[in-house]
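What follows is a short report on a single structure.
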Amino acid sequence: MQIRNSDIVFTEFEQVQIGMEFFKKMGFKIYTEVPIFSASADMVIIDDDNNIEVIEFKLNNWKKAIQQVKKHSIAVDQMSICILKPKLKETQQQIERFCKQERIGLYYSADSSIEKIIISPKCNRVWEVEKERLFAFIANGDLGGEP
């Protein structure tokens, strides 16, 4: 499905590809379509300290992105969403308030770029057994992205 926002037209797949380039430049290990519990995360990025951040990408339904990313919260260190930057400032402020309240990081995509808006705070509880299982799966799995 393509979404038009101002003069921008791209698919969610293309949005993820833009995200991969953004995070690659920042030095993260990047994996896409990573199974966590009974769902699949759009993207998992891992920093040099082995902190795992899960990111859900959506073109227009930010509330659904939040629901999806929260399903992964117990197995990761941080969780974020990446959505198209809303045209209206009021909508941006509403989304930003909600993400802060829910302790979820926020990225906006626009003009073939990604902008970090809210840094994801660390999750309060991480189930280390599941986090280690996730690392093992990534190490042995056939996932998209940059190993």
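Bear in mind that the values in this text are calculations on the coordinates, not laboratory data. Since the structure is predicted, the reported quantities are computational estimates derived from the model, not experimental observations. Don't worry about glycine lacking a Cβ; one is built from the backbone with ideal geometry, like all the others, and counts go over all protein chains shown.
Data overview
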{"quantity": "DSSP-defined beta bridges in the chain - what % are antiparallel, rounded to 5", "calculated": "70"}
{"quantity": "Residue among ILE74, ILE83, ILE117 with the largest mean-square fluctuation in a Gaussian network model of the chain, springs linking Cα atoms under 10 Å", "calculated": "ILE117"}
{"quantity": "Out-of-range pairs (alpha-carbon distance over 25 Å; input LYS89/LYS116; LYS25/LYS87; LYS63/LYS89; LYS70/LYS100; LYS29/LYS131)", "calculated": "LYS25/LYS87"}
{"quantity": "Residue of GLY19, GLY105, GLY27 that the Gaussian network model of the chain assigns the largest fluctuation, springs spanning Cα pairs under 10 Å", "calculated": "GLY27"}
{"quantity": "In nm, spacing of pseudo-spin labels at ASN51 and GLU102 (7 Å Cα→C-beta vector)", "calculated": "2.1"}
{"quantity": "Helix-only CD estimate at 222 nm, as mean residue ellipticity for the chain, using -39500 (n - 2.57) per DSSP H run (n ≥ 4)", "calculated": "-10500 deg cm²/dmol"}
{"quantity": "Computed FRET value (nearest 0.05) for ASN61 with GLN93, which takes r as the C-beta separation and R₀ as 22 Å", "calculated": "0.75"}
{"quantity": "Most mobile of MET43, MET26, MET79 in a GNM of the chain (Cα contacts under 10 Å)", "calculated": "MET26"}
{"quantity": "Computed FRET value (nearest 0.05) for LYS70 with VAL9, which takes r as the C-beta separation and R₀ as 25 Å", "calculated": "0.30"}
{"quantity": "Neighbour net charge for TRP127 - beta-carbon separation under 12 angstrom, K R +1, D E -1", "calculated": "-1"}
{"quantity": "Average projection area in nm² (convex hull over Cα atoms of region 1-106, one quarter of hull surface)", "calculated": "6.9"}
{"quantity": "Computed E for TRP127/LYS24 - FRET, C-beta separation, R0 41 angstrom, nearest 0.05", "calculated": "0.90"}
{"quantity": "Principal axis box of region 72-147, alpha-carbon based, largest edge first, Å", "calculated": "43, 29, 13"}
